[in-house]
Amino acid sequence: MTKAPGSRQELRRRIYRKAKSETTHRFWGLFVPITKIETLDEAYRMAKGNDGASGIDGQSFRDIESAGRDAFLAAVREDLDTGRYKPMPNRRVETPKGNGKFRTLQTPCIRDRVVQGALKLILEAVFEADFCPNSYGLRPQRSPHQALAEVRRSVVRRMSTVIDVDLSRYFDTIRHSVLLDKIAKRIQDPEVMGLVKQIIKAGGSVGVPQGGPFSPLAANIYFNELDWFFDAIRRKTAEGAYEAVNYHRFADDLVITVSGHHTKRGWAERALQRLQEQIAPLGVELNLEKTKMVNTLNGEAFGFLGFDLRRVRKRGGDGNFILMTPKKKARKAVQAKIRDIIARGGATPAAEVVNRINAALAG
């Protein structure tokens, strides 16, 4: 879990242990810890650490701290406690995807980012107890590198057929009613549910906006049953120490690996069919133009988390390994991010600029 001092961290541990030991327990009384100044302050620190741009109101972190950070947080807490809190519309930014199309990112104002961050800090403790091990995206103590390592392991261990899945606008198609029902299975606090509803509705009538602190948690909650569905297939089809089917997801980036043995002919097609059957009730669709099946034994490559992965022979000819090369699009994105960090550096100490560049390079 995200580190936090003293009582807040202990509260999160207690919530997690309770959720882990009682899988059907529904939590109430969580609105109080969400609105505590300590939680809001931690959410503010995290938002500032992400160094995001201003929202629709134009207010920056510098503006807030010039006027008084404590007063800002006290005003946020009062709005929450009195029921006056209403999220502002998100600032929409179109970013090119490299194929002539654009992705819409929605940036909440700092006040709303703080509220979302506080909500995430508490609800994360509940839902982390429920999440499947095959989900890696934007979770505490998990990283893209772990996800890549597990995918490589799957391909090396007999699973030579890979379904390279491309979801069509996943975040934008999340249905609010379905998401709220999934959250309500664990949360029966009406004030918390009301706050969740306000936050997701601020981005429109459907979808959760990419750019807000709460969205990654919401996206993982939405697909959690799918994650466990494929984990059950993995366990059922395992043959001793070897798995015949595996599934790896990082946010909306997803691959399914299937044994290439002749006795498993047709399994990849059935796995793809099962995926479509499971996501259809959620309103999520595959991008059929980009979703493909790859036979790594033929040297074919597939994409995951900005890398192209392919099986290649070792130099000595004894065995294989999985070669990972960054996609051209990913390289350009990192270069652009580094240029932006440098351009916005201004009077920032060189050591801090270097730290930001290193974080960008590490992914």
### Message
Quick query: amide H of Thr291 versus all other amide H atoms, modeled in the peptide plane; which residues come in under 5 Å with a sequence gap of 5 or more or a different chain?
### Response
Asp166
### Query
If you roll a 1.4 Å probe over the heavy atoms of the protein chains, what accessible area per residue do you get for region 233-363, in Å²?
61
### Query
Taking amide hydrogens as modeled 1.01 Å from N in the peptide plane, which residues meet the under 5 Å criterion relative to His25, leaving out close sequence neighbours?
none
### region 310-363-region 24-41 distance, computed between alpha-carbon centres (Å)
38
### Query
Looking at the chain, which longest stretch skips every one of the trypsin sites (Lys or Arg not before Pro) that is in a DSSP loop with at most 10 other Cβ atoms within 10 Å, leaving the sites themselves out?
102-313
### Message
Could you work out what % of the accessible surface of the chain is carbon and sulfur, using a 1.4 angstrom probe and leaving DNA, RNA and ligands out of the count?
### Response
52
### Span-like helix ranges in the chain, DSSP H, alpha carbon extent 15 angstrom or more, Kyte mean at least 0.0
110-127, 190-201, 350-362
## Note on the structure
Sorted list, accessible surface of protein heavy atoms, 1.4 Å probe, largest first, for Trp267, Trp28 is Trp28, Trp267
### Label-to-label distance, nm, for residues given as Val334 and Asp308 (7 Å Cα→Cβ offset)
1.6
### Efficiency of FRET from Cβ geometry, Ser168 and Val354, R₀ 35 Å, rounded to 0.05
0.35
### Query
Per residue, how much accessible area does region 80-182 have with a 1.4 Å probe, in Å²?
41
### Message
Under the rule of at least 5 residues apart or a separate chain, name every residue whose amide H is placed under 5 Å from the amide H of Lys327.
### Response
Phe307, Asp308
### Task
Subtracting the Cα-Cα distance from 0.36 nm times the residue separation, let me have the gained length for Arg153 to Ala67 in nm, one decimal.
25.7 nm
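The values are calculated or read from the model by the stated rules, or taken from the named source; none is laboratory data. Owing to the predicted nature of the structure, the values given are computational and were not obtained by experimental measurement. With ideal geometry, Cβ positions are generated from the backbone for all residues, glycine too; neighbour counts draw on all protein chains shown. Remember, those area values only see protein heavy atoms, side chains included, never the ligands or the DNA or RNA. Shrake-Rupley method; radii C 1.70, N 1.55, O 1.52, S 1.80 Å.
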